[in-house]
Amino acid sequence: MPIPPEVTGEEIDPDVRQELMSLPKGLADDVARNLVMVAQLIDEDPEKAYGYSRVALRLASRVAAVREAAGFAAYATQKYAEALAEFRAARRMTGGVELWPVMADCERGLGRPERALAMAGEPEVQKLDKAGQVEMRLVAAGARRDMGQLDAAIVTLQSPELASNANHPWTARLRYAYADALLAAGRESEAREWFAKALEADKDGSTDASDRLAELDGVEFVDAFDEEDDEDGEEGGASDSLDEGTDEDDDEAEDADKA
């Protein structure tokens with residue numbers, strides 16, 4: 001796959017670069033450039049990112065960072081069995097536990113929420129840092145919801161991290177998940193409160209809490225182009241009969257209801 005000439009591979013994380021030192025220099029540079037493309041594209045174009053990850057995997061399958069990148073690219077394209085296999089391989093190589101939550105989420109993606117819940121109770125969770133433990137809590141709550149256990153999902157998310165007023169990178173997502181679970185359980189007023197709290201913590205727009213709040217408040221956004229079309233359609237309206245105008249109004253109301 002073509003790589004823009006401005007991508008040199010030097011952009012790669014220093015720890016990953018260190019891992020690639022085990023490879024011949026030319027090969028290491030090629031792998032690094034492909035990994036840079038994975039990192040740059042995984043959010044905006046996951047399919048392309050996946051393609052670059054497969055190239056890197058073909059070149060250096062014995063490098064843990066390459067297996068991890070391939071796992072995340074597969075995960076982003078919902079290839080959960082493949083992602084899980086790559087994450088397991090990376091974990092065997094490093095012995096670390098950082099990938100435990102996303103491995104559990106792959107189990108959810110494969111329709112095995114009970115396995116994800118079992119992983120949430122394993123000793124590996126205690127070895128995770130705070131961010132990893134919060135991520136594991138989110139996965140466990142999602143698994144509960146997959147199994148139709150809404151009340152249990154809500155309880156799973158209730159934690160000191162949820163109650164804290166401190167703002168961490170995971171705060172908005174934790175509050176959002178809690179709000180969403182409350183709403184699914186029919187606790188609308190509480191859900192609205194927590195969507196508002198999620199929005200307050202969401203400095204980088206990682207959730208759509210503002211849209212969810214607007215929905216709960218019954219706010220409808222009208223497209224500017226639709227307004228212009230309406231204005232054009234009203235030109236010469238003085239010669240229209242009152243009955244015709246009423247019919248048009250009714251049609252517009254029906255269209256708005258359908259929207």
Task: Computed label-point distance, nm, for sites residue 8 and residue 208 using a 7 Å Cα→Cβ extension - done: 4.0
Task: Rounded if a/c under 1.5, otherwise prolate or oblate - region 35-114, Cα gyration tensor axes - done: oblate
TODO: Could you calculate the contour length gain from residue 159 to residue 25, that is, 0.36 nm times the residue separation minus the distance between their Cα atoms, to one decimal place in nm?
DONE: 43.5 nm
- [ ] Using the Kirkwood radius over Cα pairs, work out the Stokes-Einstein diffusion coefficient for region 72-226 at 37 °C and 0.692 mPa s, in µm²/s as a whole number.
- [x] 197
Task: Calculated FRET value between residue 166 and residue 1, using beta carbons and R₀ = 35 Å, to 0.05 - done: 0.25
Open item on the list: Out of the total accessible area of region 53-94 (probe 1.4 Å, heavy atoms of protein only), what percent is carbon and sulfur?
Closed with: 44
Open item on the list: Sort 187-200, 16-29 by packing, meaning the average of other beta carbons within 10 Å per residue, with the highest value first.
Closed with: 187-200, 16-29
TODO: State, as an integer percentage, the relative contact order of region 5-109 based on alpha-carbon contacts under 8 Å between residues 6 or more apart.
DONE: 19
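The values are calculated or read from the model by the stated rules, or taken from the named source; none is laboratory data. All values derive from a computational prediction rather than experimental measurement. FYI the Cβ positions are ideal-geometry reconstructions off the backbone, even for glycines, and counts take in every protein chain you see. Accessible surface is based on the protein model in full, side chains and every heavy atom, while ligands, DNA and RNA are left aside. Shrake-Rupley method; radii C 1.70, N 1.55, O 1.52, S 1.80 Å.
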